[in-house]
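Asks: Mind having a look at this structure? Questions to follow.
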Amino acid sequence: AQGSDNNDSSYTKSPSPGNKQGSSDDVRKVMRREKNRIAAQKSRMRQTQKADNLHLESENLEKENAALRKEVKRLTEEAKYLSTVLSNHEPLCTGLSGASTELLYGAHHGAFHQHISVPHYPL
């Protein structure tokens, strides 16, 4: 993009030495080109910063996703363990033997009786 100015015929013509109008036009062109160059440089820097920020955000989201997957796995294992504890306890539960599953879970909403001591699930 920088070398493309060489092909622009408006920049290759030089005004006659006595023409002050041409001289001020050249100064304006040089100033405009300099401002444009600086604006383009800033724009490229903003684009680079934006890409860097997106990359960092992506990495952080991937780490968070991995942590959440690990937690889901742990909770799934804990649910299996608690389900086993519950199924082992159901036959021993006094007063509920022969009760339907609807009665068992409806009355307690999935909670254990208070007299049951459940060991802490190993992490």
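Asks: Using a 1.4 angstrom probe and counting only protein chains, how large is the accessible area of LYS29 in Å², to 10?
Replies: Answer for LYS29: close to 50 Å² accessible.
Asks: At R0 = 41 Å, how high is the FRET efficiency between THR76 and THR48 if r is their beta carbon distance? Nearest 0.05 is fine.
Replies: 0.45
Asks: I've got another one for you. With labels modelled as points extended 7 Å from the Cα through the Cβ direction, what inter-label distance (nm, one decimal) is found for ARG33 paired with GLU59?
Replies: With each label placed 7 Å out from Cα toward Cβ, I get 4.0 nm.
Asks: Would you kindly give the portion of the calculated P(r) for the stretch 15-93 that falls above 22 Å, as a percent of all Cα pairs?
Replies: So the pairs more than 22 Å apart make up 67 percent of the total in the stretch 15-93.
Asks: In whole percent, how big is the carbon plus sulfur part of the accessible area of the stretch 57-97, probe 1.4 Å, protein atoms only?
Replies: 55 percent
Asks: Between LEU68 and THR84, what is the label-to-label distance in nm when each label sits 7 Å out along the Cα-to-Cβ direction?
Replies: With each label placed 7 Å out from Cα toward Cβ, I get 2.9 nm.
The values are calculated or read from the model by the stated rules, or taken from the named source; none is laboratory data. Because the structure is a prediction, the values reported are computed rather than measured. So basically every Cβ, Gly included, is an ideal-geometry build from the backbone, and we count neighbours across all protein chains shown. In case anyone asks, the SASA skips ligands and DNA or RNA and just uses the protein heavy atoms, side chains included. Shrake-Rupley method; radii C 1.70, N 1.55, O 1.52, S 1.80 Å.
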